[in-house]
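Please read the structure below before turning to the comments.
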Amino acid sequence: MKAPQPEMTGGHPAPQGDTDDTLDDKFDDEDYPAYSMGRAADMLGVTPAFLRSLDANQLIVPQRSPGGHRRYSRYQLRLAQRARDLVDEGTALESACRIIILEDQLAEARRINAQLRQERPPRQDPHR
C-alpha cells in the first residue's frame, strides 16, 4: 500500500554498487512493483477489472510504470488474494476491502502495542 520514493526501494535506500545486489534486493522486496496488471490478474485468476475495483475501493493502489501502466507488488497480490477469497465466499467486494483494511490496521496496532510494552519500564506498585 505504500509507494517507495524514486530513490528508495520498499522504504529503504536503493543499494549502491553491484547490479546483482540491486536485483537480489528487488527479488526480496515485498513492496517492489514487479507484476503488470495482466500478469497479476493471471496469477490470481481474476480479471483486470477486479484489480481496478480494488484500486477504486482503496484496498491496493498500484504504482505506475513510466508509461502509466499499473504495477503490483507481492504484498498487494496477497491483499488481492484475500479480497478474492472473501468475494468467493459471498462477501460484497466493498465489504471485503473494508474487512481487509480493518484487519491490517488491527494487526499493526497490536504490533505497536506489543513493541511499546517491551520498551516500557516495569511499573512500580504505589501501594508498597
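The set of residues in segment 62-80 being part of a helix (DSSP H, G or I) and either hydrophobic (A, V, I, L, M, F, W, C) or in contact (Cβ under 8 Å) with a residue 12 or more places away in the chain (or both) consists of Arg74, Tyr75, Gln76, Leu77, Leu79, Ala80.
Regarding Gly68, is this residue on the phi > 0 side of the Ramachandran plot and modelled with pLDDT under 95? Walk me through it before giving the result.
On the way: on the phi > 0 side of the Ramachandran plot: yes; modelled with pLDDT under 95: yes.
The answer is yes for Gly68.
Residues in segment 54-71: is at least one of a type in the set (Asp, Glu) and open to solvent by less than 80 Å² (accessible area, probe 1.4 Å)? Looking for residues that are of a type in the set (Asp, Glu) and open to solvent by less than 80 Å² (accessible area, probe 1.4 Å), one finds at least one in segment 54-71, hence yes. Checking the structure you have, find out if any residue of segment 65-74 is more than 12 Å from the chain's Cα centre (by Cα) and among the hydroxyl-bearing types (Ser, Thr, Tyr). Within segment 65-74 (the criterion being more than 12 Å from the chain's Cα centre (by Cα) and among the hydroxyl-bearing types (Ser, Thr, Tyr)), the answer is yes, since at least one residue qualifies.
Could you please tell me which pairs satisfy a Cβ distance under 8 Å, a separation of 6+ or placement on different chains, a first residue in segment 83-104 that is open to solvent by 40 Å² or more (accessible area, probe 1.4 Å), and a second residue that is of a type in the set (Phe, Trp, Tyr) and modelled with pLDDT of 95 or more? Close Cβ pairs satisfying both conditions: Arg84/Phe50.
For the residues Lys2, Lys26, the requirement of being among the basic types (Lys, Arg), part of a loop (DSSP other than H, G, I, E, B), at pLDDT below 75 and open to solvent by 60 Å² or more (accessible area, probe 1.4 Å) singles out Lys2. Within segment 39-59, residues that are in contact (Cβ under 8 Å) with a residue 40 or more places away in the chain and closer than 16 Å to His69 by Cα reach partners that are outside any loop (DSSP other than H, G, I, E, B) and among the hydroxyl-bearing types (Ser, Thr, Tyr) with beta carbons closer than 7 Å, at six or more positions or on different chains, in the pairs Ala40/Tyr72.
The values are calculated or read from the model by the stated rules, or taken from the named source; none is laboratory data. The structure displayed is predicted, hence computed values, not measured ones. With ideal geometry, Cβ positions are generated from the backbone for all residues, glycine too; neighbour counts draw on all protein chains shown. Calculation scope for accessible area: heavy atoms of the full protein, side chains included, ligands and nucleic acids excluded. Shrake-Rupley method; radii C 1.70, N 1.55, O 1.52, S 1.80 Å.
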